[in-house]
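First comes the structure, then the notes that go with it.
The values are calculated or read from the model by the stated rules, or taken from the named source; none is laboratory data. None of the values given here were measured: they were computed from a predicted structure. Methodologically, a virtual Cβ is constructed for each residue, glycine included, from the backbone with ideal geometry; neighbour enumeration extends over all protein chains shown. Protein only, heavy atoms only, side chains kept; ligands, DNA and RNA dropped before computing areas. Shrake-Rupley method; radii C 1.70, N 1.55, O 1.52, S 1.80 Å.
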Amino acid sequence: MQHHRYDVIVVGAGGSGLMASLYAAKNKNVSVAVISKLYPTRSHTGAAQGGVGAALGNVSEDHWEWHMYDTVKGGDYLADQDAAEIFAKDIIDAVYELEHMGLPFSRLPNGKIAQRKFGGHTKEFGKAAVERACYAVDRTGHMILQTLYQQNVKAGTTFFNEFQVLDLIIEDGVCRGVVAYEISTGEVHVFQAKSVVLAAGGYGRVFKITSNALSLTGDLMSIYYRKGLPLEDLEFYQFHPTGIAKLGILITEGARGEGGILRNDSGERFMERYAPSIKDLAPRDIVSRAIYMELREGRGAGKDKDYLLLDLTHLPRDVIEGRLPDITDFSRTYLGVDPVTAPVPIQPTAHYAMGGIPTTVDGECLANSSTTVRGLYAAGEVACVSLHGANRLGTNSLGDLIVFGKRAGIAAARYAQDAQFEDLPARADGAALDEIERLKSGHGTENAARIRKELQETMMDNVSIYRTDETMSRQVEILKELQARYRNVSVTDTSTKYNTELMEAMELGYMLDVAEAMTASALNRKESRGAHAREDFPDRDDENWLKHTMAYRDLSRPGEVNIGYKNVVLGKFEPKPRVY
Ligand SMILES: Cc1cc2nc3c(=O)[nH]c(=O)nc-3n(C[C@H](O)[C@H](O)[C@H](O)COP(=O)(O)OP(=O)(O)OC[C@H]3O[C@@H](n4cnc5c(N)ncnc54)[C@H](O)[C@@H]3O)c2cc1C
């Protein structure tokens, strides 16, 4: 066993992890290391296309209050307004900071950062769409990641790439480090730390059709939950309206921001019926439900009537190829459809987790509605501050990574600077080694790939855009059975070098846990709000449900989930019906 010691350890090297490590590393009193199962610039942040929203006002007048209002309303009033206020203010300077680090934003003719429209972003508190998304063509995330990685190299951050974290060391309510598996050698390492920042991204892979990379399997959410610690608001999972039909690969909302229109089989611009004022630029939950209804009522295109169309053909070729080069390429490559001359087949795709590990606005992880786990921080998609409430607006995730990744990094470094290294428990790596041993022992008769396929298909059928008591209750039973079968999984590859079968079997375990917490949270919430749409409870119910869910695994009764709650931080924007 190898042993390492750093003051601050960051788990994950996406936008939030690299922002946290960069700001921790700026504190010269602490040593900082990043552990990532992927090479940093392969993190999913690099796939983000459309942009990062900030009220710069470069194209038309804009204000942080308008951005904050849109975020709270877009989140169906479940967003914590302290977090939304910090966010909408701080993201403005943060974007300029990225610019000064060298991020090559697209430009206006006058040299300022270009901005385009995006769903749910409006002027004057909902009057009309506003240009707020700053972008680098449709490769914004790629540019953010490259920029932040270079800055970290400059700041002297140490990287442990292709190390998969398998456990968190938490004793007496204090985090003391992590346990990780070195993928290239099969060795288990213990990393002792004074503080740890979790920045391990989302878990879209629990669904069959998703925009998320293969690696997004909810690892750290599950590891947190396995310790009896809560996951917040997991019932709110966002489906993005425009995935490439049948594949789920994302076509950015920037395509509609540039003027793209959604049409059904008869060519009708159906969003006029669902969101008369902002139409195709309504928030994602509303557009995804509209697509689902069009399909259900038989207005889908194609021989099976199972997809709709994103029409860009009225836009000039240079706008499509110049501002949306990647998605133009995806459409030509994966569908054989040229968006310049023909509409692109689309369907909703599982995209973004609004919920996650509960944190304060400084990224401190919560052990319940009020106590923190000392020395443990989280930011980015793995976390729930809660900025996005029940539904995230497009471009607000990249902003979340930048603003709250930075705050978590600063807070973690400040904590570490004053803390001592605490003794590690004997056999800190025991649970991880036992799990590897169990999977490699060859005693199990189940196959991980088969269970994963069943998980993804049933989650897609039972806990997706629309839910009912019946579908979710069925899923609870299915998950109990899949969990039982998972305990009987063995891998056939027992080698030590790059044993991807073993890593994927571990990831399946994480996905099953997150699916369990998500389904229990969704079944428990008897209303519809944001991305959580129940056919049996179609209305929002502020009287009973204006509160965050906190799902805890019952450690004494396998498969059971205990639900608690946390207050929503209200503020200047009173909950109102959401009309677009
Ligand atoms: C296709 C696509 C397009 C998007 N476009 C936009 C957009 O235009 N605007 C916007 O605001 N949002 C967009 N989003 C959402 C946004 O990109 C993500 O929410 C965000 O990038 C997540 O960043 P992150 O730092 O939390 O995690 P990620 O970038 O997902 O990184 C996760 C990191 O955690 C590491 N990790 C995970 N598990 C482990 C483990 N067990 N051990 C060690 N390391 C681990 C990985 O190696 C990786 O480095 C998009 C998302 C997708 C999928």
Using the structure shown, decide if residue 168 is over 13 Å from the mean Cα position of the chain (by Cα), without any contact (Cβ under 8 Å) to a residue 40 or more places away in the chain and over 21 Å from residue 530 (Cα atoms). no
Would a scan of region 49-61 turn up a residue that is under 30 Å from residue 163 (Cβ atoms) and at pLDDT 95 or above? yes
Of everything in region 392-422, what is more than 16 Å from the ligand (Cβ to nearest atom) and surrounded by fewer than 24 Cβ atoms within 10 Å (Cβ to Cβ)? Give them in sequence order. 410, 411, 414, 415, 417, 418, 419, 420, 421, 422
Any helices (runs of 4 or more DSSP H) falling wholly within region 220-308 and containing at least 3 residues that are within 16 Å of the ligand (Cβ to nearest atom) and either modelled with pLDDT of 95 or more or closer than 23 Å to residue 67 by Cα (or both): 254-257, 284-296
Consider residue 549 against the criteria (1) surrounded by fewer than 21 Cβ atoms within 10 Å (Cβ to Cβ); (2) assigned to a strand (DSSP E or B): it satisfies all of them except one. Which criterion is unmet? (1)
Please indicate, with yes or no, whether at least one residue in region 314-334 is among the polar types (S, T, N, Q) and not in a helix (DSSP H, G or I). no
Consider only pairs whose beta carbons are under 6 Å apart and that are at least six residues apart or on different chains; among these, list those whose first residue lies in region 268-296 and is over 21 Å from residue 532 (Cβ atoms) and whose second residue is open to solvent by less than 10 Å² (accessible area, probe 1.4 Å) and assigned to a loop (DSSP other than H, G, I, E, B). 270/264
Considering only region 53-76, I want to know if a residue exists there that is of a type in the set (Ser, Thr, Tyr), outside the structural domain of residue 396 (by TED's automatic domain parsing), part of a helix (DSSP H, G or I) and open to solvent by less than 10 Å² (accessible area, probe 1.4 Å). yes
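Okay, residues lined up against (1) farther than 25 Å from residue 76 by Cβ; (2) small (Gly, Ala, Ser); (3) in contact with a Leu (Cβ under 9 Å, 6 or more places away or on another chain):
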position: 473; (1), (2), (3): no, yes, yes
position: 491; (1), (2), (3): yes, no, yes
position: 508; (1), (2), (3): yes, no, yes
position: 532; (1), (2), (3): no, no, no
Can you say whether residue 513 is open to solvent by less than 50 Å² (accessible area, probe 1.4 Å), without any contact (Cβ under 8 Å) to a residue 12 or more places away in the chain and closer than 30 Å to residue 452 by Cα, as far as the supplied structure shows? no
